[in-house]
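Down below is the structure, laid out as structure tokens.
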Amino acid sequence: MATLALVACSKPQGLTLTADGNPAAVGMVYLTQLGEAQPVDSAVIEDGAFKMQITGLNPAEVYQLSIPSLHMKEFLFAEEGQLHLDMASDKLTGTPMAEEVSKIFLSLDNVQTEEEYVAALRQAYDNHKTDLIGSIMLYYLAFELPVAEAFDMYENAAPVIRSTAFMQQVAEVWEVEVSTSAGHPFVDFAVEYEGVTTRLSDFVGNGRKLTIVDFWASWCGPCKREIPFLIEVYNKYHAAGVEVVGVATWDEPQATLAAIDRLAIPYPQIINAQRLGSDAYGIQGIPEIMMIGADGTILARGLRGAGIEEAVIENLK
């Protein structure tokens with residue numbers, strides 16, 4: 001009788017998640033700690049529904065549930081209780097923190113302007129400056145802010161936010177990007193391909209007035225849309241001492257070489273850079289086009305389209 005009484009009075013251990021409501025949901029679902037690559041749990045979707053019994057989550061970290069077939073992601077925490085996900089409406093209910101994050105993102109779907117979106121994220125961050133929800137809001141808010149401002153907010157955030165694994169990783173990238181922003185000296189890196197080592201410093205300074213550096217990839221549509229502007233700048237200003245160099249980023253060498261031939265790119269390339277260049281400059285997305293002065297100072301980042309030539313003309317003055 002005593003044993004039965006203990007079982008009856010014990011609290012539920014961990015988090016039970018049930019999901020249904022969308023017959024398009026198929027395949028697998030995965031639960032991953034943000035900042036880690038390997039899932040900590042998974043489940044099979046059967047008849048458009050699934051159930052997970054989740055235990056052992058770290059209360060100091062944030063977790064993400066991914067449903068690839070629906071391109072849906074939900075944030076979870078080390079809470080105990082019963083969660084329900086309506087996969088038709090993307091609404092998560094049942095535990096305080098997970099439900100609160102779900103409400104925030106559903107409300108963000110209804111904002112009409114960019115200004116309203118940023119203001120809503122700021123308000124959500126202000127409301128959760130001292131809990132793990134604040135780390136998620138800061139992460140999303142950072143996409144709308146200058147990286148220096150985002151990094152400053154992180155450095156002044158509460159310890160509960162700064163200590164999460166994923167925010168520490170993101171902050172490392174932000175710090176690198178801040179240290180390689182306009183006004184800072186360029187960072188050199190070396191790439192080896194087919195027994196030959198090429199450095200960014202091979203194309204910077206040494207009599208050149210300006211160097212335009214384009215971090216790109218053959219598979220990247222926005223990257224390829226910038227190529228005609230770069231070719232035009234190279235053809236018009238190379239004789240005046242302006243260099244343009246491409247840095248093949250996150251790309252296979254053969255694919256890069258085929259794209260160079262197909263696009264008739266005349267300026268030199270650093271082939272097979274993979275993550276060497278992007279890590280050196282804290283690059284999270286490509287294309288990233290920057291301008292470096294004759295003395296090695298970074299003059300601009302994030303150049304696009306006609307703005308590339310405008311920056312060249314301004315700095316040649």
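The values are calculated or read from the model by the stated rules, or taken from the named source; none is laboratory data. Quick caveat: nothing in here was measured; it's all calculated off a predicted structure. When we count neighbours, we look across all protein chains shown, and the Cβ atoms used for this are built from the backbone with ideal geometry, even at glycine.
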Residue among VAL111, VAL118 that alone is in a helix (DSSP H, G or I), surrounded by 13 or more Cβ atoms within 10 Å (Cβ to Cβ) and not acidic (Asp, Glu): VAL118
Given the structure, is ASP261 modelled with pLDDT of 95 or more, charged (D, E, K, R) and within 20 Å of GLU192 (Cα to Cα)? no
Any pair with Cβ under 6 angstrom, 6 or more apart, that starts in segment 289-317 at a residue that is without any contact (Cβ under 8 Å) to a residue 40 or more places away in the chain and ends at one that is surrounded by 13 or more Cβ atoms within 10 Å (Cβ to Cβ): ALA311/MET291; ALA311/ALA300; ALA311/LEU303
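To keep it simple, each residue is scored yes or no on (1) of a type in the set (A, V, I, L, M, F, W, C); (2) over 30 Å from GLU172 (Cβ atoms).
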| position | (1), (2) |
| --- | --- |
| ASP20 | no, yes |
| VAL29 | yes, no |
| THR32 | no, no |
| ALA37 | yes, no |
What are the residues in segment 285-306 that are under 23 Å from TRP219 (Cα atoms) and either surrounded by fewer than 14 Cβ atoms within 10 Å (Cβ to Cβ) or β-branched (Val, Ile, Thr) (or both), if any? GLY285, ILE286, ILE289, GLY302, ARG304, GLY305, ALA306
Which one is farthest from GLY302 (Cα to Cα), of the residues in segment 139-149 that are part of a helix (DSSP H, G or I) and more than 13 Å from the chain's Cα centre (by Cα)? GLU149
Identify, please: which residue in segment 51-88 is charged (D, E, K, R) and out of contact with any Lys or Arg (no Cβ under 8 Å at 6 or more places or on another chain) and is, among those, farthest from GLU36 (Cα to Cα)? ASP86
Taking the stated definitions as given, is SER278 out of contact with any Leu (no Cβ under 6 Å at 6 or more places or on another chain), of a type in the set (Ser, Thr, Tyr), touching a residue at least 40 places away in the same chain (Cβ under 8 Å) and not in a helix (DSSP H, G or I)? no
